[in-house]
Amino acid sequence: MAREADPATQVRELASRLAGANELPRAILIRGNENWFRMRALDLVVARAKELGHEICRHDAESPDFSPQSLLGDLCSPGLFAPTRLVVLEAPEKVAKKDSVLLKGITTFLSKADSPGALVLLADSLRADSALAKAVAAVGGVALNCRKLWDSPPPWDAAQDPRKSELAQWLVARARERQIKLDPNGALVLVAASGNDLGALDAQLDRLAANAGGSSGAKLFELVASDAAGSPFKVADELARGDAPNALFGLTTLYTNGVREDDGTKKLDRTALFAMLAPSLKRSLRQALVGARALQAKKTPAEAAELAGVAHQEAAQRAFHATLSARSAAEQRAMLEDVARLERLQRSGGEVDENELVLFALRWRAKPRGR
């Protein structure tokens, strides 16, 4: 079996196919948990549909205003303002389930050659062997797997060079596409600052483009250092899994530079920082405690994650297992009690400052196994 192309290649192939087409594919399935790629693919399809004169009809199954009858009407009738329609359905896995009316309506639309228009299914967790995916394949439709990029080097790379990871290579290619100078070493600096969120990485490229000389080593680090680990939620994850070095760096960044707001400004409120990271920290620890107890009861790691209510996304699963493996169930419980102690301190008028949290990070740092 041929190895599946990476998401960036799949999106480029879709762009090439659409560019010279006089009509859209009957069905296009865009699935996977990397929203950046999904939105890029959808934008390509919608733009070509507009060029071809299609009426665009969008439906979101997770919206409170979603109407199955309206969706079926758009699938079964010609456009009001154009002879053909492009119907976009987001989160189809939520409503087009086995033996449902919507699933039958969609498969009927796809099976009739004279049905007007084309259909795009934009899914997060739809399985490749689901009835919808099979229906798309049956009519020769296009299917894209927009998964998260690997942030570790491929297993066949003997040197395990992080610059060869899909994430770093994508970032260098994306910078080249945008005519921004960035080498693989610089890409690693940006990844360290922003993680594997492609939207955040693309935003970092915006900042590089706006800062002359920003891609040089010292200038690049200066530009992104204030953002590296600068999220209370990221620091909470690092504290939970006992990653003391990164947690300490994140705490210093937060208490020095503040939190970046949505508009790009910085807000420094020392008294609010613990209140911002505590809920995320407690949630991670509670999940790890449930998971640790499940493992004690001879459950599998997958069953432990399910019992703990961990999201199925790869990043959430990875964070859960890292936190779970950091300490025993008794230690997870003790760490939760330590967080509660800090909350009581703050509620009683005391200050949970950087020193308190540094001591907390050191107290609960992960210890090497077998020592």
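General observations
- Residue check, residue 318 touching a Gly at 6+ places or on another chain (Cβ under 7 Å), under 30 Å from residue 197 (Cβ atoms) and of a type in the set (Lys, Arg): no
- Lone qualifier among 48, 58, 85, 38 - being touching a residue at least 40 places away in the same chain (Cβ under 8 Å) and among the charged types (D, E, K, R): 38
- When every residue of the range 273-295 is checked against the conditions, none turns out to be surrounded by fewer than 14 Cβ atoms within 10 Å (Cβ to Cβ), more than 19 Å from residue 361 (Cα to Cα) and either at pLDDT below 90 or out of contact with any strand residue (DSSP E or B) (no Cβ under 9 Å at 6 or more places or on another chain) (or both).
- Selection from the range 21-56 of residues that are in contact with a helix residue (DSSP H, G or I) (Cβ under 8 Å, 6 or more places away or on another chain) and among the acidic types (Asp, Glu): 34
- The helices (runs of 4 or more DSSP H) located wholly in the range 1-93 that include 2 or more residues which are farther than 24 Å from residue 116 by Cα and touching a Leu at 6+ places or on another chain (Cβ under 9 Å) occupy 7-19, 35-51.
- The range 321-351, residues that are among the hydrophobic types (A, V, I, L, M, F, W, C) and in contact with a Lys or Arg (Cβ under 9 Å, 6 or more places away or on another chain): 322, 324, 326, 329, 334, 335, 336, 339, 340
- Neighbours by Cβ (under 7 Å, 6+ apart or cross-chain): first from the range 102-123, assigned to a loop (DSSP other than H, G, I, E, B); second of a type in the set (A, V, I, L, M, F, W, C) and buried (at least 20 other Cβ atoms within 10 Å of the Cβ): 115/109; 117/86; 117/87
- Looking only at residues of the range 334-349 that are of a type in the set (Gly, Ala, Ser) and assigned to a helix (DSSP H, G or I), we find that the one that is surrounded by the most Cβ atoms within 10 Å (Cβ to Cβ) is 334.
- Test: residue in the range 110-122 that is touching a Leu at 6+ places or on another chain (Cβ under 9 Å) and over 24 Å from residue 52 (Cα atoms): no
- Residue selected from the range 350-369 under the condition of a type in the set (A, V, I, L, M) and not in a helix (DSSP H, G or I), by the criterion surrounded by the most Cβ atoms within 10 Å (Cβ to Cβ): 352
- The residue that is surrounded by the most Cβ atoms within 10 Å (Cβ to Cβ), counting only those in the range 124-143 that are among the β-branched types (Val, Ile, Thr) and not in a helix (DSSP H, G or I), is 142.
- Pick from the range 165-186, criterion over 17 Å from residue 7 (Cβ atoms), outside any loop (DSSP other than H, G, I, E, B) and touching a helix residue (DSSP H, G or I) at 6+ places or on another chain (Cβ under 9 Å), ranking: modelled with the highest pLDDT: 175
- Per the listing 47, 27, the residue uniquely more than 21 Å from the chain's Cα centre (by Cα) and within 18 Å of residue 137 (Cα to Cα) is 27.
A quick yes/no check of all residues on (1) in contact with a helix residue (DSSP H, G or I) (Cβ under 7 Å, 6 or more places away or on another chain); (2) in the same structural domain as residue 196 (by TED's automatic domain parsing); (3) not β-branched (Val, Ile, Thr):
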| site | (1), (2), (3) |
| --- | --- |
| 274 | yes, no, yes |
| 288 | yes, no, yes |
| 296 | yes, no, yes |
| 301 | yes, no, yes |
| 307 | yes, no, yes |
| 310 | yes, no, no |
| 316 | no, no, yes |
| 333 | yes, no, yes |
| 355 | no, no, yes |
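- Here the condition is being touching a Gly at 6+ places or on another chain (Cβ under 9 Å), modelled with pLDDT of 90 or more, surrounded by 18 or more Cβ atoms within 10 Å (Cβ to Cβ) and not hydroxyl-bearing (Ser, Thr, Tyr); of 110, 89, 119, 149, it holds for 119 alone.
- Members of the range 234-257 that are over 18 Å from residue 275 (Cβ atoms) and small (Gly, Ala, Ser): 242, 244
The values are calculated or read from the model by the stated rules, or taken from the named source; none is laboratory data. Given the structure is predicted, the values throughout are model-derived calculations rather than measurements. Note that we place each Cβ from the backbone using ideal geometry, even for glycine, and neighbour counts take in every protein chain shown.
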